[in-house]
């Protein structure tokens, strides 16, 4: 008997979303955490991917290279573009047929919409926007269950949630919270093609055209360089300086929650427990005090440069380099230095 750990392989326009690779790595770790328990019961755990789309054979093989031991592939023209009802029906049908124990979905725009619909239709629990997952013991049970941790009440409380009575145990997980699963080019796995009947009443919408919103195109989670501003900017105009530095470095603009709450910048830029989790090569925090809610969203960056007037600001505790001073003096000086370096043919 196998206990199935499922990952939804989100794809769009022929590309797998990076969060799928991250979740496959998590699923393999979770399966390993119950290895001793399974051995005593003569059971095994298997990590499987669920891929829905059209003409996605290559993506099924890519999912195997990312860590799926088996991929269930639903492939038909009706699934070329994401629509909630057909995708929900596909996932619901597969869950009822194969009965997975754990089902992980990325907390992306698509994933958040899809996961809620699937969980509701299956009458099971869903822990949304998780930042930590593990298999552990819960009171009143005799086996390890999924312990899903997520921020609540605006990040002021960290809650660990257990779904004791229903399967699958479902969770959506923020992109970049976990490391991506390494690609194994030699991996081999099984692809099972499933047919799901799509009735006309399910196609209650039609994709006519994609219009890209520049804000949604930020992709903050996967940026290599992020320059973030906080309340220390003093006003929304301060983000002009933040953007100037980000542009000079080829990066994107981030923000603390305080600036978003104040209406200085849109939520798409928010880094932190209630925003985006990021892991850039360079993170610059300007005028950000460094509340725990912000630090947990960026503390795994490769290199952190903090700029703040207050030498005791908490942000310095996670900074690689800290500059104490006025950001309106330091950032223009940095921009000038970077610009001069580029003009000399050097690297910023």
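The values are calculated or read from the model by the stated rules, or taken from the named source; none is laboratory data. On a predicted model such as this, the values are computed, not experimentally measured, just so you know. Note: ideal-geometry Cβ built from the backbone for every residue, glycine included; neighbour counts use all protein chains shown.
Only one of these is outside any helix (DSSP H, G or I) and surrounded by fewer than 22 Cβ atoms within 10 Å (Cβ to Cβ): 55, 48. Name it.
55
Could you please let me know if residue 176 is under 22 Å from residue 17 (Cβ atoms) and not in a strand (DSSP E or B)? Yes. Pairing each residue of segment 163-192 that is more than 19 Å from residue 67 (Cα to Cα) and in the same structural domain as residue 72 (by TED's automatic domain parsing) with any residue that is surrounded by fewer than 14 Cβ atoms within 10 Å (Cβ to Cβ) and at pLDDT below 95, provided the two are 6+ apart or on different chains, yields C-beta distances under 8 Å for 164/140; 164/141. Here is the figure for segment 269-281: residues that are at negative phi and either out of contact with any helix residue (DSSP H, G or I) (no Cβ under 7 Å at 6 or more places or on another chain) or in a loop (DSSP other than H, G, I, E, B) (or both) total 8.
Restricting attention to segment 152-206, the residues that are within 22 Å of residue 222 (Cα to Cα) and surrounded by fewer than 16 Cβ atoms within 10 Å (Cβ to Cβ) add up to 4. More than 25 Å from residue 83 (Cα to Cα) and in contact with a helix residue (DSSP H, G or I) (Cβ under 8 Å, 6 or more places away or on another chain) - does that describe any residue in segment 21-42? Looking through segment 21-42, none of the residues is more than 25 Å from residue 83 (Cα to Cα) and in contact with a helix residue (DSSP H, G or I) (Cβ under 8 Å, 6 or more places away or on another chain).
Taking segment 219-267 as the range and being part of a loop (DSSP other than H, G, I, E, B), closer than 15 Å to residue 285 by Cα and in contact with a helix residue (DSSP H, G or I) (Cβ under 7 Å, 6 or more places away or on another chain) as the test, the residues that pass are 230, 256. Could you tell me whether any residue of segment 259-279 is farther than 29 Å from residue 152 by Cβ and assigned by TED's automatic domain parsing to the domain that holds residue 334? No, there is no match, as no residue in segment 259-279 is farther than 29 Å from residue 152 by Cβ and assigned by TED's automatic domain parsing to the domain that holds residue 334.
Conditions tested, residue by residue: (1) modelled with pLDDT of 95 or more; (2) part of a strand (DSSP E or B); (3) surrounded by 23 or more Cβ atoms within 10 Å (Cβ to Cβ).
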{"residue": "23", "(1), (2), (3)": "yes, no, yes"}
{"residue": "32", "(1), (2), (3)": "no, no, no"}
{"residue": "38", "(1), (2), (3)": "no, no, no"}
{"residue": "74", "(1), (2), (3)": "yes, yes, yes"}
{"residue": "82", "(1), (2), (3)": "no, no, no"}
{"residue": "91", "(1), (2), (3)": "yes, no, yes"}
{"residue": "94", "(1), (2), (3)": "yes, no, no"}
